[in-house]
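Beneath this line is the structure, given in structure tokens, with notes to follow.
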Amino acid sequence: MDSVLSIKDLTKKYGRITAVNNLSLEIKKGTVFGLLGPNGSGKTTTLGIILDVINRTSGEYQWFGEAPSKEHRKRIGAILETPIFYPYLSATDNLKIVAEIKQVPTDNIDHVLRQVDLYERKDDKFKTYSLGMKQRLSIGSALLCNPTVMILDEPTNGLDPQGIAEIRKLIIEIAKDGKTIILASHLLDEVQKVCSHFAVLKKGKMIYTGLVEDVSKGEETIEVFAEDENLEQLLNDYEGIKNINFDHNKWIVSLHDGHNSITLNAYLIANKITVSHLVTQKKSLEKQFLEVLAASDE
Ligand SMILES: Nc1ncnc2c1ncn2[C@@H]1O[C@H](COP(=O)(O)OP(=O)(O)O)[C@@H](O)[C@H]1O
Ligand SMILES: [Mg+2]
């Protein structure tokens with residue numbers, strides 16, 4: 001059974017607001033799953049529900065194919081908010097306290113500190129750390145119990161570019177260790193850089209889910225124009241035609257597999273049409289997501 005998390009018809013209402021709207025998704029072992037959506041799209045609420053810190057209104061979820069239990073929770077390392085560390089204590093001493101609270105052995109601490117690249121600074125007081133180091137210590141504290149699943153909510157928020165790069169590298173390394181990672185982010189490029197799979201949320205609804213590697217693929221459209229009144233008819237008659245629209249003084253066509261601007265042009269020439277405009281445009285998913293993400297910022 002390689003299902004790590006299975007969510008079915010999950011809904012959360014806060015009065016009139018539906019924060020999570022009938023969400024279903026499946027996360028398999030070893031994936032780095034991105035929950036992508038603008039602020040307010042329901043990411044944190046979803047994570048809160050599956051971590052049992054927020055009550056759902058309706059729907060179900062299962063961890064590892066079973067009804068959620070305290071035992072499962074021990075296999076999950078999560079950072080929803082920056083944990084509170086003692087400013088005057090070192091990283092080591094802070095992690096000792098965490099280990100005590102979580103009732104996990106302290107012998108893992110040095111290993112974790114190396115993992116999050118804080119070993120050299122382990123004896124320095126927490127308050128002397130940069131924001132990125134503080135965030136790495138948070139991740140370290142979630143790693144202490146050697147979880148099989150890591151949940152990270154906007155892990156690079158507020159960090160400078162170097163801090164962001166370090167956290168992303170760390171997440172990728174944790175994933176290489178074989179852990180399943182669930183990451184919420186409003187940044188498409190973050191999801192693209194670290195995730196293998198993702199779902200896009202908008203106003204609590206899932207509007208897309210798929211493989212990250214497919215994001216840049218997207219469908220090609222071809223813009224065509226010719227000073228010829230037969231053009232529209234010929235385009236419609238073309239065997240490769242999938243879709244055709246007139247926009248901004250040109251035809252925007254999409255073609256079936258095996259057809260492209262070259263085959264289309266050859267067809268038009270064979271029918272005695274010389275085009276004055278022929279341009280291939282790639283409408284990537286990326287572009288579509290950026291539109292979705294931008295639209296919801298209003
Ligand atoms: N405790 C709460 N009470 C009322 N509304 C809330 C509460 N928490 C979140 N919301 C609302 O639920 C929606 C989803 O919020 P959230 O899950 O935090 O989104 P995200 O993490 O994607 O930014 C938002 O409209 C937010 O205002
Ligand atoms: Mg959030």
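None of the figures in this text is laboratory data; all of them are computed from the coordinates on show. Predicted model only: the values in this text are computed from it and were never measured. Reconstructed Cβ throughout: ideal geometry from the backbone, glycine too, with neighbour counts over all protein chains shown.
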Net lengthening on full extension, residue 107/residue 177 (0.36 nm per residue, minus Cα-Cα): 23.3 nm
Degrees, to the nearest 10: 131-143 long Cα axis against longest axis of the chain: 70 degrees
The residues 149, 32, sorted from fewest to most surrounding Cβ atoms within 10 Å, come out as 149, 32
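Report, in listed order, any pair from 134/203; 28/193; 70/202; 43/96; 176/202; 96/127 with a Cα-Cα distance greater than 22 Å. Working shown, then result.
Numbers: 134/203 31 Å; 28/193 19 Å; 70/202 31 Å; 43/96 31 Å; 176/202 30 Å; 96/127 17 Å.
Violating the 22 Å limit, Cα to Cα: 134/203; 70/202; 43/96; 176/202.
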Which is farthest toward the positive dipole end of the chain among 281, 36, 106, measuring Cα position about the Cα centre, with Cβ charges +1 (Lys, Arg) and -1 (Asp, Glu)? 106
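Would you mind getting me the FRET efficiency between residue 13 and residue 281? Use the beta-carbon distance for r and R0 = 45 Å, nearest 0.05. Let's see the in-between values first.
On the way: r = 41 Å, r/R0 = 0.91.
The computed FRET efficiency comes out at 0.65.
Please give the FRET efficiency for residue 269 paired with residue 246, using the beta carbon to beta carbon distance and R0 = 25 Å, rounded to the nearest 0.05.
Using R0 = 25 Å, I get an efficiency of 0.70.
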Folded to 0 to 90 degrees: helix 285-295 orientation relative to the chain principal axis, Cα: 70 degrees
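With a 10 Å Cβ neighbour count serving as the proxy for reagent exposure, in which order, fewest first, do 86, 208, 61 appear?
Working: 86 12, 208 15, 61 20.
With the fewest neighbours first, 86, 208, 61 line up as 86, 208, 61.
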Would you mind getting me the FRET efficiency between residue 89 and residue 146? Use the beta-carbon distance for r and R0 = 30 Å, nearest 0.05. 0.85
In Hz, Karplus ³J(HN,Hα) per residue of the range 245-260 (6.51, -1.76, 1.60; θ = phi - 60°; x = Gly, Pro): 9, 9, 8, 6, 6, 8, 8, 10, 10, 10, 10, 6, 3, x, 10, 8
Distance between modelled label sites at residue 26 and residue 119, nm, 7 Å Cα→Cβ extension: 4.0 nm
Phi-derived 3J(HN,Hα) across the range 27-32 with the Karplus relation (6.51, -1.76, 1.60, θ = phi - 60°), rounded Hz, x for Gly and Pro, is 10, 9, 4, x, 8, 10
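How far, in nm, would the chain grow between residue 39 and residue 219 when pulled straight, counting 0.36 nm per residue and subtracting the alpha carbon separation?
Working: separation 180, 0.36 × 180 = 64.80 nm, distance 2.76 nm.
That works out to 62.0 nm of additional length.
Calculate for the chain the 222 nm mean residue ellipticity that helices alone would give, adding -39,500 (n - 2.57) per DSSP H run of length 4 or more and normalising by residue count, nearest 500 deg cm²/dmol. Display every interim value, and only then the final one.
Details: 10 runs with 95 residues, N = 298.
Calculated mean residue ellipticity at 222 nm is -9000 deg cm²/dmol.
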